[in-house]
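Structure record follows, encoded as structure tokens.
Read-outs throughout are calculated quantities, based only on the coordinates presented, and are distinct from any laboratory measurement. All figures in this text were calculated on a predicted structure; none of them were measured in a lab. So basically every Cβ, Gly included, is an ideal-geometry build from the backbone, and we count neighbours across all protein chains shown.
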Amino acid sequence: MTLVARGFFITFEGGEGGGKSTQIRRLADRLGATGREVVTTREPGGSPGAEAIRALLVTGEVERWSPITETLLINAARRDHIERIIRPALARGATVLCDRFADSTRAYQGAGGGAPETLITALETAVLGGLKADLTLILDLPAEMGLARASGRGGAETRFEAKPLDFHARLRAAFLAIAEAEPDRCVLIDASRDEATVAAAIWSWVKSRIGPP
Ligand code: TMP
């Protein structure tokens with residue numbers, strides 16, 4: 001892919017129940033009010049093909065896929081999403097807000113599931129084609145608190161939620177390590193606070209990083 005990204009790419013990351021979707025909606029409203037084109041999207045999913053793959057990944061029996069198979073499916077979905085939605089939007093100059101991206105694969109399939117880091121890195125290089133978030137907001141909270149919040153949501157997309165607590169504790173540690181390793185890209189947000197406080201923290205980081213519309 002040779003498109004030069006001109007927009008601004010923000011990814012939201014973290015474990016279960018951190019309030020990402022709510023915060024993305026709030027941020028999209030705020031950015032939209034400044035006259036920007038804002039595209040909100042999610043992974044796995046975001047394009048019709050990737051949404052079809054999402055349904056395979058997030059529903060059904062916990063042991064339905066091995067972590068390596070998950071890594072392959074997620075990367076197929078990610079490539080379609082990048083080609084059809086993310087790259088074109090960035091090329092138009094849009095601000096893209098994406099609910100999860102490549103860090104989730106490192107955390108869920110790598111640290112959580114034990115998929116080999118060499119596989120994850122090789123696929124990341126091939127699939128991302130140099131695409132990287134300009135800003136990654138990691139919504140951090142204790143695994144128990146996140147799972148308690150997520151279980152109140154209901155719905156069929158519970159395959160990862162249903163994994164044991166130690167899996168979720170490994171995820172949290174992995175996201176904290178990513179934040180520490182890439183401080184220029186990643187910001188850690190304490191998501192155990194109330195919604196408005198978290199939104200204010202997010203807005204102040206985004207304002208400080210994003211250019212004028
Ligand atoms: P969501 O519930 O935050 O929308 O995310 C869907 C689920 O997919 C969530 O439980 C985490 C999982 N997931 C992975 O395991 N690896 C990934 O790379 C991504 C993007 C999501």
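So here's what we get for this one:
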{"quantity": "Length gained when the stretch residue 190-residue 58 is fully extended (0.36 nm per residue, less Cα-Cα span)", "calculated": "45.0 nm"}
{"quantity": "Under the span-like rule (Cα at least 18 Å along the axis, Kyte-Doolittle mean at least -1.0), DSSP H helices of the chain", "calculated": "67-81, 165-181, 195-209"}
{"quantity": "Inter-site label distance for residue 173 and residue 22 at 7 Å from Cα along Cβ, in nm", "calculated": "2.9"}
{"quantity": "Ascending count of other beta-carbon atoms within 10 Å, so fewest first, for 168, 81", "calculated": "168, 81"}
{"quantity": "Computed P(r) (all Cα pairs; the range 8-210; 5 Å bins; percent)", "calculated": "1, 7, 16, 21, 22, 18, 11, 3, 1, 0"}
{"quantity": "Segment residue 197-residue 91, length gained on full extension (0.36 nm per residue, minus Cα span)", "calculated": "34.9 nm"}
{"quantity": "Summed residue charge, Cβ within 14 Å of residue 151's Cβ, Lys/Arg positive, Asp/Glu negative", "calculated": "0"}
{"quantity": "Label-point separation in nm, residue 145 to residue 180, each point 7 Å along Cα→Cβ", "calculated": "2.0"}
{"quantity": "Candidates 49, 35, 113, ranked by Gaussian network fluctuation over the chain, Cα under 10 Å, top entry", "calculated": "35"}
{"quantity": "Debye, to nearest 20: dipole size of the chain, +1 on Lys, Arg Cβ, -1 on Asp, Glu Cβ", "calculated": "660"}
{"quantity": "Ellipticity estimate at 222 nm from DSSP helix runs (n ≥ 4, -39,500 (n - 2.57)) divided over the chain, nearest 500", "calculated": "-14500 deg cm²/dmol"}
{"quantity": "Cβ-based exposure ranking for 96, 58, in which fewest neighbours within 10 Å come first", "calculated": "58, 96"}
